[in-house]
Amino acid sequence: MTSTAGAMAANERRNVSDAAGVIVLGACAVWSLITAAVHDGRPEGVLLAVLAMAAGYASGRILGAVAPVTAPCAGALVGLGLALTERYTTPGPQITAPLGHSGATAALLTLSIAAACCAARTARPAALRLALRLLAVGITVTAAVLGSAAGCALGAAVLLCSLAADRVRHRGLGLGAFALTAALVTSTTWAVAEDALPDGLTASLEGQLTEHRVLLWQDALHLVGRDPALGVGPGRYGELSPTSALAPLPDGKPHSAVLQQVAEQGVVGALLLAVLFCWVLYSLWRSPQSTAIVLTAGAGLTALAVIASVGNALSFTTVTAGAGLLAGLATARPLADGCPEQASREDERLWAHRLEP
């Protein structure tokens, strides 16, 4: 009876989490339409990103339930293939430093490493687990060969987090650390754009980021002053940014997701982006999967947030779909009873503790 009640309560919490996700994604889409209507913007890119993430998340939930090992492994291989061909990751000119060939390539490689690590955590045979870990290591090496410094460094960090996840007893602490990391990187990006850091640190960061990228960020902050609440309208940054207009091959992006959001959709749009990331972490916290899988996926999605803070990775549909897929795989409930990807005994004790009056 206690076990049945606990399962029912867990399912109810998952339903609340899913409903919250629908509300947040819907709010992102509606707000982009509102700001576009006010400023004659072009919300198609935002709507496509929202649709891609929702589709990826739903697909991950389904595939993670019926094929908990095969699905993340296939996702890792597909992501690697897209990064190698760069067919969908280089539609126009990219600012290469410090993201290697492109932010999208680094993001796809990092998500692929996280998916391979999740598959390794789910697999039962030792030989298969070893093969999947070697796949993750191989993708990390591939990132270095492609010249993607961010993909290599962040992919290695995800791999290390996956290996260390067994030592973390409370997933909330790990997810909280991921949230703080994303907030710190975002705050640093904003501080660089505001020129609020010490001169020595600012000069060092600008050397890594390039002066052109910093000027793009500063243009985004200047555009916020026009209409802090609504922004200048989705898709209008490129035509209003002097730095972007004077570039030899402009791509119309400030190369920072949060700065693009606040410039084009105002403070409310930036808050919605932050709420979306928090919802993903909350869904992982409520996931029936083991803590190791949850933290591995959380590390991969946090690495994506870091890349998006200093690049335009979220402008690519393959990246947003991949992020949704990884989150869905890590929150899926496997259909088979007793399979290893279900919550560990420690997780079950934590759930029982939460249900106590």
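Counting residues that are modelled with pLDDT under 90 and small (Gly, Ala, Ser), which helices (runs of 4 or more DSSP H) fully inside the range 1-86 reach at least 3?
Values: elements: 2-39, 44-66, 70-85.
Output list reads 2-39.
Would you pick out the residues in the range 304-328 that are open to solvent by less than 20 Å² (accessible area, probe 1.4 Å) and aliphatic (A, V, I, L, M)?
LEU304, ILE307, ALA308, ALA313, VAL319, ALA323, LEU326, ALA327 - these are the residues of the range 304-328 that are open to solvent by less than 20 Å² (accessible area, probe 1.4 Å) and aliphatic (A, V, I, L, M).
Quickly run through the range 163-189 and pick out the residues that are basic (Lys, Arg) and open to solvent by less than 30 Å² (accessible area, probe 1.4 Å). Outline the logic, then answer.
Of all residues in the range 163-189, those basic (Lys, Arg) come to 167, 169, 171.
Across the range 163-189, the qualifying residue is only ARG171.
Give the range 190-234 a look and list any residue that's of a type in the set (S, T, N, Q), open to solvent by 60 Å² or more (accessible area, probe 1.4 Å) and without any contact (Cβ under 8 Å) to a residue 24 or more places away in the chain, or say none. Talk me through it step by step, then tell me what you get.
Quick first cut of the range 190-234, residues of a type in the set (S, T, N, Q) only: 202, 204, 208, 210, 218.
From what is left, the residues that are open to solvent by 60 Å² or more (accessible area, probe 1.4 Å) are 204, 208.
Matches in the range 190-234: SER204 only.
Looking at GLY238, GLY269, which one is more than 20 Å from VAL185 (Cβ to Cβ) and open to solvent by less than 50 Å² (accessible area, probe 1.4 Å)? Show your work before the answer.
Working: GLY269 fails: more than 20 Å from VAL185 (Cβ to Cβ).
After applying the criteria, what remains is GLY238.
The values are calculated or read from the model by the stated rules, or taken from the named source; none is laboratory data. Predicted model only: the values in this text are computed from it and were never measured. No Cβ is skipped: glycine too gets one built from the backbone with ideal geometry, and neighbour counts run over all protein chains shown. Note: accessible area is taken over every heavy atom of the protein model, side chains too, but ligands, DNA and RNA are not part of it. Shrake-Rupley method; radii C 1.70, N 1.55, O 1.52, S 1.80 Å.
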